[in-house]
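In what follows, a structure is listed as structure tokens, so that the remarks can point back to it.
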Amino acid sequence: GGGGGAAMAEGEALVSVDYEVFGKVQGVFFRKYTQGEAKRLGLVGWVQNTSHGTVQGQIQGPTARVQELQEWLRKIGSPQSSISRAEFSNEKKIEALEHKDFQILK
């Protein structure tokens, strides 16, 4: 590690990222499992089904934890799901969390 007086430890900065997961991700309790995993990691945000057969949402929390959920969304998902790919966008640092918890939106 070089210089630079970072106030916060690596992974403690808060980030927000949008996601969309493609594959067989509807009708397989994907949202419920995503909510459970996010809560286990202490993250906030939301998840919902789209009209075109994908699942989308937003994740907010400490960088390292958000990255863990991103990996989970890419590779694991719910037991009966079959993920073809996950796309992430609008990743940015935030000063404070914009959600109180992790919700499933209708």
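So which residues in the stretch 71-106 are open to solvent by less than 60 Å² (accessible area, probe 1.4 Å) and either among the β-branched types (Val, Ile, Thr) or outside any loop (DSSP other than H, G, I, E, B) (or both), if there are any at all?
Residues satisfying the conditions are Trp72, Leu73, Ile83, Ala86, Phe88, Ser89, Ile94, Phe102, Ile104.
Here's a check for you: in the stretch 13-39, which residue that is closer than 18 Å to Glu87 by Cα and among the small types (Gly, Ala, Ser) is surrounded by the fewest Cβ atoms within 10 Å (Cβ to Cβ)?
Only one residue fits best here, namely Gly23.
Quick check on my filter: what residues within the stretch 34-70 are assigned to a helix (DSSP H, G or I), touching a helix residue (DSSP H, G or I) at 6+ places or on another chain (Cβ under 9 Å) and over 15 Å from Asn90 (Cβ atoms)?
Going residue by residue through the stretch 34-70, those that are assigned to a helix (DSSP H, G or I) are 34-41, 63-70.
The next check asks that each one be touching a helix residue (DSSP H, G or I) at 6+ places or on another chain (Cβ under 9 Å); those that pass are 34, 37-38, 41, 65-66, 68-69.
Hits for the stretch 34-70 are Thr34, Glu37, Ala38, Leu41, Arg65, Glu68, Leu69.
Considering only residues that are open to solvent by 20 Å² or more (accessible area, probe 1.4 Å) and in contact (Cβ under 8 Å) with a residue 24 or more places away in the chain, look in the stretch 51-66 and name the one that is farthest from Val15 (Cα to Cα). Lay out the reasoning, then the answer.
As a first pass, look at the stretch 51-66 and keep what is open to solvent by 20 Å² or more (accessible area, probe 1.4 Å): 51-53, 56, 58, 62-65.
Still in the running and in contact (Cβ under 8 Å) with a residue 24 or more places away in the chain: 53, 56, 58, 62-65.
Details: Gly53: 27, Gln56: 17, Gln58: 10, Pro62: 6, Thr63: 6, Ala64: 9, Arg65: 10 Å.
Among residues in the stretch 51-66 that are open to solvent by 20 Å² or more (accessible area, probe 1.4 Å) and in contact (Cβ under 8 Å) with a residue 24 or more places away in the chain, the one farthest from Val15 (Cα to Cα) is Gly53.
The values are calculated or read from the model by the stated rules, or taken from the named source; none is laboratory data. Computed from a prediction, not measured in an experiment: that's the story for all the values here. Cβ coordinates were reconstructed from backbone atoms using ideal geometry, including for glycine residues, and neighbour counts include every protein chain displayed. The accessibility values were calculated without ligands, DNA or RNA, using every heavy atom of the protein model including side chains. Shrake-Rupley method; radii C 1.70, N 1.55, O 1.52, S 1.80 Å.
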